[in-house]
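J.: Okay, here's the structure, questions in a sec.
Any read-out appearing in this document is the output of simple, stated calculations on the displayed coordinates, not a laboratory observation. Just so it is clear, the structure is predicted and the values come from calculations on it, not from any experiment. Glycine gets a Cβ as well: all are built from the backbone with ideal geometry, and neighbour counts include every protein chain shown.
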Amino acid sequence: MIFQSCNALHLCISWKRFFIYNPTTKKFKWLFVPSPECKDRRLLGISLAFDPLKSTHHKFFINIYSSKTNSWSFSKIKFTWDWSVNFELGVFFKGVIHWDSYLLESIWFDVENQWLKTMRMPIVGDAGYRYFRESRGY
């Protein structure tokens, strides 16, 4: 099942395992997802970030996976969050993964510089709907 797309690559899930699929080359790569170091940690979400203008190598954010070195690196960023941020629906745009939130503030992550910042969310109108996904690769 396609979990997320970014710049023509697909992040897929099958039997609780993730893989990246490139429909152009028809190749795929299974991702090794490291187990939490302690029982209190859990996977909140996974987001695909790929910018073909920056690199032909891929980075995937759980911690950070590099297809160039075929290994995970652990971001030094520590933060607290509330359950309003939806980490399953990340949108990668111009080098940054943005996450939706049900409240007025959410967060974004700069993949290259490893910065985590807050951002204001638009006020939801009377209908109560807000669309926060990619469109045509953006």
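J.: If amide hydrogens are placed 1.01 Å from N in the peptide plane, which non-local residues have theirs closer than 5 Å to the one on Phe3?
T.: Leu11, Cys12, Ile13
J.: Need the full-extension length gain, Val124 to Asp110, defined as separation in residues times 0.36 nm minus the C-alpha distance. One decimal, nm.
T.: Taking Val124 through Asp110 to full extension adds about 2.5 nm, to one decimal.
J.: Quick one: if the Förster radius is 22 Å, what FRET efficiency do Leu53 and Ile13 give, using the C-beta to C-beta distance and rounding to 0.05?
T.: For R0 = 22 Å, the calculated efficiency reads 0.25.
J.: In whole Hz, what ³J(HN,Hα) sequence does region 94-111 give by Karplus (6.51, -1.76, 1.60; θ = phi - 60°), x for Gly and Pro?
T.: 6, x, 10, 9, 9, 10, 6, 9, 7, 9, 8, 9, 9, 10, 9, 10, 7, 5
J.: Set the Förster distance to 30 Å, then compute FRET efficiency between Lys117 and Glu88 from the Cβ-Cβ distance, nearest 0.05.
T.: In this case the efficiency is close to 0.90.
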